[in-house]
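The values are calculated or read from the model by the stated rules, or taken from the named source; none is laboratory data. Please read all numbers here as calculations on a predicted model, not as lab measurements. All Cβ positions, even for glycine, are placed from backbone atoms using ideal geometry, and neighbour counts span all protein chains on display. Ligands, DNA and RNA are excluded from the accessible area calculation, which covers all protein heavy atoms including side chains. Shrake-Rupley method; radii C 1.70, N 1.55, O 1.52, S 1.80 Å.
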Amino acid sequence: KVPGAGEVRVHTEHGGRSTLVDVDPAAERLALDAVRAAAALLEQRLDYARVDMMELDGRLAVSELELI
């Protein structure tokens, strides 16, 4: 998701848009590691996971996990 001009929110009602992009290998590893860690902590198989990331101090960081 990409925010609209002059906006930080990515929702369409604020001018944001969604586009398909190739997944960066480092982002893929981080997302899979985060989901595996959550599954291990919960001691159960996860049927769905969404991982939100952001750049923080020049490094990729998980900002939110949505798990079912």
Query - Compactness of the chain as Cα Rg over 2.2 N^0.38 Å, two decimals - result: 1.29
**Report entry** For the chain, the longest site-free run once GluC sites (Glu not before Pro) in DSSP loop states with at most 16 other Cβ atoms within 10 Å are removed
**Finding:** 8-42
Query raised in the report: Between Asp33 and Lys1, what length comes free when the chain is fully extended (0.36 nm per residue of separation minus the Cα-Cα distance, one decimal in nm)?
Result: 9.3 nm
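At a 1.4 Å probe radius, carbon and sulfur cover how many percent of the accessible area of the chain?
Whole-percent figure for carbon plus sulfur exposure: 53.
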Report summary line: If one compares the long axis through the Cα atoms of helix 25-42 with the longest principal axis of the Cα atoms of the chain, the angle in degrees, nearest 10, works out at 50
Report summary line: Calculated from DSSP helices alone, with each H run of at least 4 adding -39500 (n - 2.57) and the total divided by the residues of the chain, [θ]222 nm to the nearest 500 comes to -9000 deg cm²/dmol
Query - Probe 1.4 Å, accessible area per residue of the chain, Å² - result: 84
**Report entry** Exposure rule at most 11 other beta-carbon atoms within 10 Å, DSSP loop trypsin sites (Lys or Arg not before Pro): the chain longest free segment
**Finding:** 2-44
